[in-house]
Structure formats: structure tokens, C-alpha cells
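The values are calculated or read from the model by the stated rules, or taken from the named source; none is laboratory data. Since the model is a prediction, treat every value here as computed from it, not as a measurement. We place every Cβ from the backbone using ideal geometry, glycine too, and count neighbours over all the protein chains shown. Protein only, heavy atoms only, side chains kept; ligands, DNA and RNA dropped before computing areas. Shrake-Rupley method; radii C 1.70, N 1.55, O 1.52, S 1.80 Å.
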Amino acid sequence: QVQLVESGGGSVQAEGSLRLSCVASGFTYNNYYMGWFRQAPGKGREGVAVIDSGGAAILADSVKGRFTISRDNAKNTLYLQMTALKPEDTAIYFCAAGRVHWLRTEHVTYWGQGTQVTVSS
């Protein structure tokens, strides 16, 4: 059974920080690109960041300079370090695995259940 389990979400004030984690199992983790997507209320799901097995990352323009994506291949774990958070970052954040180094939902093979991030002004 493939599982992607997110944790670390919560509520924080603007300019605060959070670190999200995603533990993967049930597939060959090191053969997949790993990424984060988010979905705000009333909006579609959008790509945030993606990383290959060697650590090369692509970030969405909206989070460049504020978020960092990383992965620990020995632990099958993906991270998203979020700093300087803004109210517009409020969304459900989803961990994802895919076979393409890109930020489109159509390239995702497996999805996590999501974790809520709420940023207050």
C-alpha cells in the first residue's frame, strides 16, 4: 500500500515559520521526484516545490526566497521549510510523488492526504 503521510501543519502568525514533513512508503522512494502542492479555499491545486533524488529543486515564483524543499532519502522523508509566511500561504498542503521534474498535477503519481496551514495577519 502506497502511503504519503504529511505532518507539521498548524496555525502561525504572518512572518512566522513552519516545517512540513512527509513520510513515504510502499514504493521505491529514491526513483521518484517528490514535491509539495497546495490548495486554498475556493481555488485549484497549485505546485509549490519539487525536488529530485539528488537535491535539485524547483520552486514556484510565489514562494522563492521563503520556502526550502529538501529530502532525506535514508528516511524516505520529504520536508518543506516555510519562513516569512503570509496570509496568502493559507492552504491545505499536499505531499506528492511523480516521475517528472515539474509542478503540474498531471505529473503526480501518488498524493498524500494533506495538512492544513493557516497564516493569520
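Brief remarks on what is shown
- Residue among 25, 17 that alone is under 19 Å from residue 113 (Cβ atoms) and touching a residue at least 12 places away in the same chain (Cβ under 8 Å): 25
- Figure legend. Inter-residue proximity from the stretch 92-110: first residues among the hydrophobic types (A, V, I, L, M, F, W, C), second residues open to solvent by 60 Å² or more (accessible area, probe 1.4 Å) and modelled with pLDDT under 95, beta-carbon distance below 7 Å, spacing 6+ or different chains. Indicated pairs: 100/107.
- Residue list for the stretch 24-39, filter: touching a Phe, Trp or Tyr at 6+ places or on another chain (Cβ under 9 Å), among the hydrophobic types (A, V, I, L, M, F, W, C) and in a strand (DSSP E or B): 24, 36, 37
- Flag for residue 54 being surrounded by fewer than 17 Cβ atoms within 10 Å (Cβ to Cβ), assigned to a loop (DSSP other than H, G, I, E, B), modelled with pLDDT of 95 or more and of a type outside the set (Phe, Trp, Tyr): no
- Counted residues, the stretch 33-42 - those being more than 14 Å from residue 91 (Cα to Cα) and open to solvent by 30 Å² or more (accessible area, probe 1.4 Å): 1
- For the stretch 59-81, the tally of residues that are of a type in the set (D, E, K, R), more than 12 Å from residue 49 (Cα to Cα) and outside any strand (DSSP E or B) stands at 1.
- Entry remark, the stretch 95-120: residues being in contact with a Leu (Cβ under 8 Å, 6 or more places away or on another chain) and open to solvent by less than 70 Å² (accessible area, probe 1.4 Å) number 8 in total.
- Verdict on residue 15 being open to solvent by 50 Å² or more (accessible area, probe 1.4 Å), part of a loop (DSSP other than H, G, I, E, B) and not hydrophobic (A, V, I, L, M, F, W, C): yes
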